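The values are calculated or read from the model by the stated rules, or taken from the named source; none is laboratory data. Model, not experiment: these values are computed from the prediction. Methodologically, a virtual Cβ is constructed for each residue, glycine included, from the backbone with ideal geometry; neighbour enumeration extends over all protein chains shown. These area figures cover heavy atoms from the full protein model, side chains too; ligands, DNA and RNA do not enter into them. Shrake-Rupley method; radii C 1.70, N 1.55, O 1.52, S 1.80 Å.
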Amino acid sequence: MDSTVIPVSKLRGFLIELFKEVGLNNSHSEIVADSILCAELRGVKSHGLVRVSTYIERVEKKATNINAKIKTEKIKKATALINADHGFGQIAGFYGMKLAITLAKKYGVGLVGIKNSNHFGIASFYSMLALKHDMIGIVFTNSSPAIAPYGSSVPLLGTNPLSIAIPSLKEKPIILDMSTSVVARGKIRLAKLKKQKIPFGWALDPAGRDTDDPDLALKGSLVPIGGPKGSGLSLIIDILCGVLTNTCLTGEVKNVTDMTGPSKTGHLFCAINIDDFIEKDVFKSNIDEIIRKIKSLPSINNLQIFLPGEIENNLEEKTLREGINLDSNLIDEFNSLASRYKIKNLI
């Protein structure tokens, strides 16, 4: 398949103009574009540019509220609850983490729940916002049923991603970004799109059997990490994001591709002000020491040892320099959207 390398700045400009024509204002268009590009730059392509058409289709079919009015419903000391009004999850998530950071500056910790939201892309986009303020960022979100509770064959739990970002002094920050399944469902969708098989151990078919067919996997259930441990973690995140925010009960979140109405997604954001526990540079220097200690350990087969987020950090730096490689089908898709919304083609 033909492909073209496109500078990140060009893609960002295109996405901002596109989302402005869809109906977002300039600052909100920038947030959505930056979230999408964050995923793409860090190699999480399942949450990157391939999602653009789906996000726009949701607006066109009124599953996402383009005129959403984000409102802080409750705020009490270090906690707050935001109503996203069924708008873009990226916009609500950005403001949610910003508010958590503001609260943490005053109280040492900020905890913000978001109700009535939508798919918000890559979780680390939000946890990393805390790094600029020398804080630890923690993010949870629920998602549509994809994992069968341990011992069952019926998907009810979401992959329910979580991300934790920890700042360092001279080394690269530690950024955990993971789902509670062995693999994110988006990677299976991407395999289906590319007509590729998936590895065994990723998913089960509707009968509960291991499968390498992405179609059967999407109709069946994803495998949770650590069996009952991953299943239990997914349930807890679902309760924190869905029940605690009064958005939905377990199993009620709609898939991002379900255009029948709002997705009933909830998020939880936490910022921890390191200075309220330990002097921030001492903490960050200690994190550097831990990173260097881990990387100095004897490795298996003399392979390099990576910390959480390190591979993604390296890839982001490389892609910012060299550009993003887009296949011709995705370029055609973007040019079709450009024609529909009367903006200049990507290329």
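To the nearest 10, the accessible area of LEU244 is 120 Å² with a 1.4 Å probe.
Within region 191-347, the proportion of Cα pairs with more than 23 Å between them is 70 percent. Here, region 1-139 yields an orientationally averaged convex hull projection of 9.0 nm² when only Cα atoms define the hull.
With N residues in region 261-347, what two-decimal value do you get for its Cα radius of gyration over 2.2 N^0.38 Å?
That works out to 1.81 for region 261-347.
Using only Cα coordinates, the Kirkwood hydrodynamic radius of region 165-251 works out to 14.8 Å. Near TYR107, within a Cβ-to-Cβ distance under 9 Å, what is the net charge of the other residues, with Lys and Arg +1 and Asp and Glu -1? After counting each charged neighbour, the total is +2. For LYS293, the aspartates and glutamates whose Cα falls under 17 Å of its own Cα, not counting residues fewer than eight places away in the same chain, are GLU171, GLU310.
Of the listed residues ARG42, ARG189, ARG321, ARG292, the order by accessible area with a 1.4 Å probe, largest first, is ARG321, ARG292, ARG189, ARG42. Do any GluC sites (Glu not before Pro) in region 275-319 lie in a DSSP loop with no more than 14 other beta carbon atoms within 10 Å, and if so, which? Taking region 275-319 and a limit of 14 other Cβ atoms within 10 Å, the loop GluC sites (Glu not before Pro) found are GLU279.
When the chain is described by a simple charge dipole with +1 on each Lys and Arg Cβ and -1 on each Asp and Glu Cβ, the residue from ILE122, PHE19, LEU307 located farthest towards its positive end is PHE19. Across the chain, the longest piece that holds none of the chymotrypsin sites (Phe, Trp or Tyr not before Pro) lying in DSSP loops with up to 12 other C-beta atoms within 10 Å covers 1-199. Taking a point 7 Å from the Cα of LYS45 along the Cα-to-Cβ direction, the residues of region 2-34 with backbone N closer than 13 Å to it are 2-6. Setting aside same-chain residues fewer than 8 positions from LYS71, which aspartates and glutamates have a Cα under 13 Å from its Cα? Filter leaves ASP85. Counting 0.36 nm for each residue step from GLU73 to ASP213 and taking away their Cα separation leaves a gain of 46.0 nm.
Over every Cα atom in region 201-268, the radius of gyration and the widest Cα-Cα span, Dmax, amount to 13.7, 37 Å.
LYS172 to ASP275: extension gain in nm, 0.36 nm per residue of separation minus the Cα-Cα distance? Length difference between fully extended and current span is 35.1 nm. Taking other residues whose beta carbon is less than 11 angstrom from the beta carbon of SER29, and scoring Lys, Arg as +1 and Asp, Glu as -1, yields -2.
Between region 23-102 and region 269-290, the C-alpha centres lie 28 angstrom from each other. Average accessible surface for the chain: 47 Å² per residue, computed with a 1.4 Å probe over protein heavy atoms with every protein chain in place. Carbon-plus-sulfur accessible fraction, region 190-347 (probe radius 1.4 Å, protein heavy atoms only): 57%. Pairs exceeding 25 Å between alpha-carbon atoms, taken from LYS106/LYS295; LYS264/LYS344; LYS192/LYS254; LYS20/LYS318: LYS106/LYS295; LYS264/LYS344; LYS20/LYS318.
Coordinate range of the alpha-carbon atoms in the chain per principal axis, descending: 53, 46, 44 Å. With coordinates expressed along the principal axes, the C-alpha atoms belonging to region 68-191 extend over 46, 39, 27 Å, beginning with the largest. Per-residue 3J(HN,Hα) values for region 64-73, derived from phi via the Karplus relation 6.51 cos²θ - 1.76 cosθ + 1.60 with θ = phi - 60°, read 10, 7, 5, 9, 4, 10, 5, 9, 7, 7 Hz in sequence order (x marks Gly and Pro). With the whole protein complex present, HIS133 retains an accessible surface near 60 Å², based on a 1.4 Å probe.
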